[in-house]
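The structure appears below as structure tokens.
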Amino acid sequence: MKCRATVVRHAARFYRCLSAASNIICSIMPCEVTSRFVLLYGSQKGQAQSIAEGIAEEAKGHGLAADLSCLDQNDKYNLEEENSPVVFIVSTTGDGEAPDNALQFVKRIRRKTLTSDHFKHLCYALLALGDTNYANFCNCGKTIERRLQELGAKQFYATGFADDGIGLELVVDPWLEGLWNAIKGVLPNMASDRSAHLKENAEESKDLFSPDVRLNLLTIGERQDCTSAGTAGNAGSKHTSAVSSSTSAACDRGPASPAGGPQCDAAASAPTESQSRDVGLSTVLLASSLTHSLPPLSVSALNVPTLPPLYLKVSLQESDTCSEMTGPINREVLREVNISKALQMTRDDSVKTALLLELDISPYPEMIYQPGDSFDVYCPNRTTEVDNLLHRLSLYNQKHCLVNISLIKDTKKKGAQVPSHIPEKASLHFLFSWCLEIRSVPKKAFVRALVEHTCDSVHRRRLQELCSKQGAADYNLYVRDASLSLMELLTAFPSCSPPLSLLIEHLPKLQPRPYSAASSCLRHPGKLRFVFNVVEFPASSERLVKRRGLCTGWMFDLIHSGPFSMENTESSDSLPLPKIHVSLRSSCSFRPPSDPSVPYIMVGPGTGVAPFIGFLQHREETRKTHPDRVLGNTWLFYGCRHKDRDYLFREDLEGFVSSGTLTHLKVCFSRDDAVNDGSTSSAHPTKYVQHNLRRHSRHVTDILLKQNGVIYVCGDAKNMAKDVNEALVEMIRDELKVDQLDAMKHLATLREQKRYLQDIWA
């Protein structure tokens, strides 16, 4: 018995030693360490998530494994103990804010209790997405990077700042190309550091091992010697083979196919030398279109992205149409309100039609808004567009069927999940009406997936070009800049017939449309007013039929089919009021100064004047109840095309001046000949608001630089906001007698101090 007990004791000790050895080997073996990296994303509308998922899918072709997680999935990653490279893909939303699913992460790393060496072990790379049309470009990415470095993290690859204003792919594509070598370059160093650390632990535990147990630990260098040839030969092979197979597939489908590479016949699409001389360059360029390319693109070998893996299984089930859902999917957190008043604010011959709507929010006393707040309007896709798409997909007769969605078993997509914005027991018609943004511009990954469902070889080749690296310019020109929708793309390529599952995988969630409040609850208790232009998208070679903006067109139709008329803007008691679903979006910064004695400047041409109407109404009502308060000066720089056609809120603004609520009103009309705002000098015409700002430069800079005043800018981001920003830089430069860079720094300081605030849109 004693002998048996001794054997059992030694056996147990042996297995403990073997287990410990196994753990050390698994930790040190570079086959795991050198193949893994962590991939984290923060995304508001899905672009950063889509890029991150694409990286995760492509990683395997580079001999790497990506641990993909959203930044709010705290249970899936732990940066405090992470010894592998970490790649961040983050977007910026709102006024330079973090996406909703990255807010908590940003708060955690900004804790003041963290020490300067908290992340000294961390090696990271970061791709930031933003839009230079908006303030605080890529601010979320910059915030994360700055904080990581303050906490000791080291950068192993240069940060990319992608601009959606000119095309994300201009930065994203080359950044992704260099990422793989950067990861592979940093892995050996990190693995060596980790191995040294673990070997120290092994030395401390060597007394566990029996002298008869011998372990030959493979070092990093030995492992590289064994595998370097194979790794070098296979690095990026997935991408290359995908390109080759896709390109050759288009060529193998018949002689009608345009070139897929030098081995293909490109005579059909390439003009002869004599033709080129006769028609000239401009005519040749005009021959290019959405569906037709020219050399060199038409005769180039293409770098086509890897095909995104399928991950959704979709089936249709017969249903009782009487029980079909209606309205937005998250109705429990929204408020359904009546449109109590509608007013056209522009003349019929104006370039744009501006409408004012008044919402009755009195049934919801909790809906208290402040000047500067905005709110979301939830609208469906147009019924005609939904029906057209269903017809195009040969699904119209099944539009009342219920859609059943589940994950494909063993899908290769990292982090695959059924989209949360698609409810259970939704009909096909409801899905396309309220859940999916069918007007969204198809991303390159979507275009790449469409290739696989296109039977005509010419169409296949052109779609390959549009999603390829070589065809980036054509994609921007004919798809992205033209704001082409999926239906418009399918119309241009009639041989493309994608399955329903592909649309659900790639179409993003239907987003609400935000609008600024153009009223004060003190002036209009129980009411909420806003103003908007009816957006028009003209017909073009890519868009055969003109269309209105989704939400503005929908509200325009609601008004004109409801109990309103331009002669009688109040609703009729005999007809039901139209209803819309809304939710408030409270602003933390775009509000008048809490101290009424602080002077401020407002810049808002066109409908950009809307929030300032709320500012001034609130100020005027406050003056009535507190007549002894000292008020600072207020300036409003407003502009429109014609004084007699589209001067919005004219009577209101002139009334604010008469009452002393608004100290200075400076107006300009870009299409009228006469110079206004009291000046007749032709040497300094005041065509736009930035011209008026320059004209009153001394007063503006005095308020901003000497009186600690605030400036607010609201309106178009692409043109007006940029022009105003440039004007402010010039004014500060001239006033302080500094160079351009110092002037820009002064303006940046105003932003940081929340004294230069923007509410702008593209």
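The values are calculated or read from the model by the stated rules, or taken from the named source; none is laboratory data. Predicted model, so just to flag it, every value in this text is computed and none were measured. Backbone-built Cβ (ideal geometry, glycine too); neighbour counts: all protein chains shown. Note: accessible area is taken over every heavy atom of the protein model, side chains too, but ligands, DNA and RNA are not part of it. Shrake-Rupley method; radii C 1.70, N 1.55, O 1.52, S 1.80 Å.
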Inset, instruction - Kindly indicate the residue of segment 368-391 that is touching a strand residue (DSSP E or B) at 6+ places or on another chain (Cβ under 6 Å) and not hydroxyl-bearing (Ser, Thr, Tyr) and also nearest to Ile559 (Cα to Cα) among those meeting that condition. - result: Val377
Inset, instruction - Considering only residues that are more than 15 Å from Tyr369 (Cα to Cα) and open to solvent by 40 Å² or more (accessible area, probe 1.4 Å), look in segment 575-593 and name the one that is nearest to the chain's Cα centre (by Cα). - result: Lys579
Inset, instruction - Can you tell me which residue within segment 392-402, out of those that are touching a strand residue (DSSP E or B) at 6+ places or on another chain (Cβ under 6 Å) and among the hydrophobic types (A, V, I, L, M, F, W, C), is nearest to Leu584 (Cα to Cα)? - result: Leu402
Legend entry - Subset tally (residues that are within 18 Å of Leu510 (Cβ to Cβ) and part of a loop (DSSP other than H, G, I, E, B)) for segment 321-368: 8
Inset, instruction - Confirm whether Gly608 is closer than 23 Å to Ile703 by Cα, touching a residue at least 24 places away in the same chain (Cβ under 8 Å), small (Gly, Ala, Ser) and out of contact with any Ser or Thr (no Cβ under 7 Å at 6 or more places or on another chain). - result: yes
Legend entry - Checklist (1) within 24 Å of the chain's Cα centre (by Cα); (2) assigned to a helix (DSSP H, G or I); (3) farther than 29 Å from Ile760 by Cβ; (4) in contact (Cβ under 8 Å) with a residue 12 or more places away in the chain applied to Glu80, failing item: (1)
Legend entry - Considering residues of segment 620-650 that are among the basic types (Lys, Arg), touching a residue at least 24 places away in the same chain (Cβ under 8 Å) and within 28 Å of Lys352 (Cβ to Cβ) only, the residue most open to solvent (accessible area, probe 1.4 Å): Lys643
Inset, instruction - Identify, from the list Arg523, Arg529, the residue that is assigned to a strand (DSSP E or B), open to solvent by 40 Å² or more (accessible area, probe 1.4 Å) and at pLDDT 95 or above. - result: Arg529
Inset, instruction - Examine segment 328-345 for a residue that is touching a residue at least 12 places away in the same chain (Cβ under 8 Å) and within 30 Å of Lys409 (Cβ to Cβ), and state whether such a residue exists. - result: yes
Inset, instruction - Take the residues in segment 358-389 that are among the β-branched types (Val, Ile, Thr) and surrounded by 18 or more Cβ atoms within 10 Å (Cβ to Cβ), then tell me which one is farthest from the chain's Cα centre (by Cα). - result: Ile361
Inset, instruction - Could you tell me which of the residues Asp100, Asp163, Asp117, Asp173 is among the acidic types (Asp, Glu), closer than 30 Å to Val479 by Cβ and out of contact with any helix residue (DSSP H, G or I) (no Cβ under 9 Å at 6 or more places or on another chain)? - result: Asp100
Inset, instruction - Kindly establish whether Val545 is among the β-branched types (Val, Ile, Thr), in contact (Cβ under 8 Å) with a residue 40 or more places away in the chain and either open to solvent by 10 Å² or more (accessible area, probe 1.4 Å) or within 30 Å of Ala342 (Cα to Cα) (or both). - result: no
Inset, instruction - Could you tell me which of the residues Gly94, Gly63 is open to solvent by 40 Å² or more (accessible area, probe 1.4 Å), under 20 Å from the mean Cα position of the chain (by Cα) and of a type in the set (Gly, Ala, Ser)? - result: Gly94
Inset, instruction - Could you check, for segment 447-454, whether at least one of its residues is in a helix (DSSP H, G or I) and open to solvent by 20 Å² or more (accessible area, probe 1.4 Å)? - result: no
Inset, instruction - State whether the residues of segment 651-659 include one that is small (Gly, Ala, Ser) and open to solvent by 40 Å² or more (accessible area, probe 1.4 Å). - result: yes
Inset, instruction - State whether the residues of segment 414-430 include one that is of a type in the set (A, V, I, L, M), open to solvent by 50 Å² or more (accessible area, probe 1.4 Å) and touching a residue at least 60 places away in the same chain (Cβ under 8 Å). - result: yes
Inset, instruction - Could you tell me which numbered condition Leu662 fails, if it satisfies all but one of (1) in a loop (DSSP other than H, G, I, E, B); (2) modelled with pLDDT of 95 or more; (3) out of contact with any Gly (no Cβ under 8 Å at 6 or more places or on another chain); (4) within 23 Å of Arg347 (Cβ to Cβ)? - result: (4)
Inset, instruction - Keeping to segment 297-320, report how many residues are open to solvent by 70 Å² or more (accessible area, probe 1.4 Å) and in contact (Cβ under 8 Å) with a residue 24 or more places away in the chain. - result: 5
Inset, instruction - Answer yes if at least one residue in segment 328-339 is more than 30 Å from the chain's Cα centre (by Cα) and not aliphatic (A, V, I, L, M), and no otherwise. - result: yes
Legend entry - Filter result for Asn381 (outside any strand (DSSP E or B), touching a residue at least 60 places away in the same chain (Cβ under 8 Å) and closer than 30 Å to Pro611 by Cα): yes
Legend entry - Residues located in segment 465-484, provided they are open to solvent by 10 Å² or more (accessible area, probe 1.4 Å) and not in a helix (DSSP H, G or I): Lys469, Gln470, Asp481, Ala482, Ser483
Legend entry - Neighbours by Cβ (under 8 Å, 6+ apart or cross-chain): first from segment 705-734, within 18 Å of Pro605 (Cβ to Cβ) and among the basic types (Lys, Arg); second open to solvent by 10 Å² or more (accessible area, probe 1.4 Å) and in a helix (DSSP H, G or I): none
Inset, instruction - Report yes if some residue within segment 390-398 is crowded, with 20+ Cβ neighbours inside 10 Å and out of contact with any Gly (no Cβ under 8 Å at 6 or more places or on another chain); otherwise report no. - result: no
Inset, instruction - Scan segment 687-707 for residues that are open to solvent by less than 30 Å² (accessible area, probe 1.4 Å), touching a helix residue (DSSP H, G or I) at 6+ places or on another chain (Cβ under 7 Å) and of a type outside the set (Val, Ile, Thr) and report the count. - result: 4
Inset, instruction - Could you list, in sequence order, all residues of segment 715-761 that are of a type in the set (Phe, Trp, Tyr) and under 18 Å from Leu705 (Cα atoms)? - result: Tyr756
Legend entry - In segment 521-541, the residues that are in contact (Cβ under 8 Å) with a residue 40 or more places away in the chain, closer than 19 Å to Gly606 by Cα and either out of contact with any strand residue (DSSP E or B) (no Cβ under 8 Å at 6 or more places or on another chain) or of a type in the set (A, V, I, L, M, F, W, C) (or both): Phe530, Val531, Phe532, Val534, Phe537
